[in-house]
1. Sort 754-761, 588-595 by packing, meaning the average of other beta carbons within 10 Å per residue, with the highest value first.
2. For the stretch 766-837, what does the equivalent ellipsoid look like in terms of its semi-axes, each the square root of 5 times an eigenvalue of the Cα gyration tensor, given largest first in whole Å?
3. For the chain, take the alpha-carbon Rg, divide it by the Kirkwood Rh, and send me Rg/Rh.
4. Using alpha carbons only, how many degrees (0 to 90, rounded to 10) separate the axis of helix 98-110 from the longest principal axis of the chain?
5. Work out from phi, with θ = phi - 60° and the Karplus expression 6.51 cos²θ - 1.76 cosθ + 1.60, the ³J(HN,Hα) of each residue of the stretch 634-649, listed in order in whole Hz, and give x for Gly and Pro.
6. Taking only C-alpha pairs under 8 Å that are 6+ residues apart, what is the relative contact order of the chain in percent?
7. For the stretch 213-322, place one equal point scatterer on every Cα, skip the solvent, and apply the Debye formula. What is log10 of I(q)/I(0) at q = 0.10, 0.12, 0.16 Å⁻¹?
8. In a shell of Cβ-Cβ distance under 12 Å around Glu769, excluding Glu769 itself, what net charge do Lys and Arg (+1) and Asp and Glu (-1) give?
Amino acid sequence: MRTFFPSESCKETHLKSINPQSWLQVERGKLAKFSSESASSIDSLIKVPEPPILPFFKPVDYVQVLAKIHEELESCSPQERSNLYLLQFQVFKGLGEVKLMRRSLRSAWSKASTVYEKLVFGAWLKYEKQDEELISDLLSSCGKCAKEFGAIDIASEMPAYEKLIPHGVITTNEDSCPRTVYFRIADEKISCDRQKIASLSAPFHTMLNGCFTESFCEEIDLSENNISSLAMRVINEFSSTGLLNEVSPDLLLEMLVFANKFCCESLKDACDRKLASLISCRQDALELLECALEENSPVLAASCLQVFLRELPDSLKDSQVVELLSNTTRQQRSIMIGPASFSLYCLLSEVSMNLDPRSDESVRFLRILVDSAETSQQKMVAYHRLGCVKFLRKELDEAEQLFEAAFNLGHTYSVIGLARLGQIRGHKRWAYEKLCSVISSSIPLGWMYQESSLYCEGEKRWDDLEKATELDPTLTYPYMYRAASLMRKQNAQAALSEINRILGFKLALECLELRFCFYLALEDYQLAICDIQAILTLCPDYRVFEGRVAALQLRTLLREHVENWTEADCWLQLYDRWSSVDDIGSLSVIYQMLESDAAKGVLYFRQSLLLLRLNCPDAAMRSLQLARQHSSSEHERLVYEGWILYDTGHCEEGLQKAEESISIKRSFEAFFLKAYALADSSLDASCSSTVISLLEDALRCPSDRLRKGQALNNLGSVYVDCGKLDAAADCYINALKIRHTRAHQGLARVHFLRNDKVAAYDEMTKLIEKAKNNASAYEKRSEYCDRDRTKADLEMVTRLDPLRVYPYRYRAAVLMDNHKDKEAIEELSRAIAFKADLHLLHLRAAFHEHIGDVMGALRDCRAALSVDPKHQEMLELHSRVNSQEP
């Protein structure tokens, strides 16, 4: 979820107001001196809130859960598939795997067995892609339809009413009844065909052809049945034709109620569908949904719901919509959404929590989610999520009941809620023992030790946090706590080193903010403003100091205490930082340059490249869109549109935009884009010559050295793939001459292919020495040395970036070669615990197969296929292992 769930220790109501200006009343350039007098001011600056209780489904052994889901998907009925994919989505959400989450949603949508499921999951995917309207427009401009999750024609998806011949109806001789019957309504008489009206329903058939007085009457009074003469005439026409032509909504509603009263199913179905076809806006849906639920009109109800879902999240800001959707009975939900109630309220509660997790609306939707849950996993999700919201609202008794219910069902992560509640009530020792009990009785995970550290002090707390980082190095709180503790002890260098450990591989805003606070306390305003500008690049509305101060406000104050750079200074600073692979520093410089009169389109484009390198795809896409918005010419705009399409998986359309741009003006960026997209979209080796030609065309066009260095580097890679090592070396050397530092890696590859491993190793060493972010350089260098140095380099990689999987795989393979089967599997397992990676699971499955552990191999195969269902080698291994299952 996008919403941050703050801990109890950082509520605004418990904090004093802050005056940032008071920290900045110093002479420009003056450096702070650490002293005992500054300790209190450091404490006021450096606060590390407790880690939030995440409202996610987080099973202890996610691999086993994914494997079980995959196994069930292999044999389940079509009606069960969407719910299984929704559970898979919940697992990936707990792991933070955004791409895998969306793929699970897409699978739930594509495998939907009912229109209700298609409606919910289509709307969910649309909500997840709500910032991608521009992409749809760009695809349309390329002649490609992008309305993948468009509105559903619900009426056509639902079976129409089939008229049945009534059985067991007592009738008289129909020939003895008058052929024409007159229905009196007030002062009007409507002439109707008796048998055609009788055919509308069993009650009418009995009344008009049975043993009742009306069966022999030519005139029947319907004045007391809430039907107008106009509506009755339309009903008479329908009885003859079976059609409803141009009828007003009011008349249709009147007829719908009448049809329900007299069990005229064909008339009711026709009114239901006709009303549904007339919905054109949210107001229509609001006016009709209540009636649809009262009159049991599924087509109309689902059509109204579709309007609300397609307007998420805005529709949940409408109190009338919320009132309707959050006050439904089980019967009404069955009419509106059929068997997909849990899926619907999963979506509605998530959207509501993203808007405001503490809101009454979130609680109401979550209560329905709890009521709709059927399986134990669904109940875990619902209880835990509602428990988190109740905890935020300080409704502690209810929160405890909900966390307890989820925990007892097997959701071990809910113990965090119970422990926090214990601490709030003064039972800190109990909270610690509760965590210790969980650790000793299940697979120990990083979050368990992180949580237990909150309930102890001194060395024990430090030890628990070290263990948390060992088990899950992606957790930010341990680094932040250790760094803040070191800073309070006036060990600034160690504090910065600690927070830089995680910032080296995970650009977490809270960690950047803490480092900013360190620089502020040290009165190093140049570095402080660098971090605040990086924060603002990632999140323009970010607020620091527990949400009390706008980051933009602090930047304004800091500007008074740093040297102003000219545009030329900025370009020099950017060149230096880009060359030293200082991506955060480069982001900061670009942020500052955007305030000048420089061409903004180019700067936003550079910003997007950096954000992609920093694994911030959403922010990168935002910057690309801003580049397009600020482009100074049509040919420049087409290039940015091409990159937007390329980065969202539409390679051919990106190529088309590049060609359009070139047709207007030959430019470096257009040729570079075309070369890049062509190289990626074509598997034909013969296209290499075309890519080379395009990159050479790019290099002949004006551009700055930063981009020309990248083009030379790419050109060198193509030459290497073609076996033209001398030409490749020339490209890399020329790139290095203009300080494109990453060219060292390409040149090292050339040395290696020339059988000069020593030169390759030395070349990578140069890259390591120059690059600020150098984990990938250590990994690459490990390929050019002996086993001992390889092991040392890969250990360094894991220290610098524990998310890189190759080192774990290499070490595990070495252990397996040395017949240390258990240790090899453990090496892979420690990474799998915090990263759902296909290659790690694949290798562990192969190891399990090798040692004869068929069930272990099958489990890993199934989990890996949950990550990538089409991976060919994984499919082959799964088939082989599956045939061995006892």
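The values are calculated or read from the model by the stated rules, or taken from the named source; none is laboratory data. Predicted model only: the values in this text are computed from it and were never measured. With ideal geometry, Cβ positions are generated from the backbone for all residues, glycine too; neighbour counts draw on all protein chains shown. Side chains are part of the model used for accessible areas, which takes the heavy atoms of the whole protein and leaves out ligands, DNA and RNA. Shrake-Rupley method; radii C 1.70, N 1.55, O 1.52, S 1.80 Å.
1. Per-residue mean Cβ counts within 10 Å order the peptides as 588-595, 754-761.
2. Those come to 23, 15, 7 Å.
3. We get a ratio of 1.05 for the chain.
4. Helix 98-110 and the main axis of the chain meet at about 20 degrees.
5. Result, rounded to whole Hz: 5, 5, 5, 4, 4, 5, 5, 4, x, 5, 4, 5, 4, 5, 9, x.
6. Values: 1221 pairs, mean separation 84.2, N = 886.
Once divided by the residue count of the chain, the mean separation gives 10 percent.
7. So the normalised log intensities work out to -0.34, -0.46, -0.73.
8. The answer is +2.
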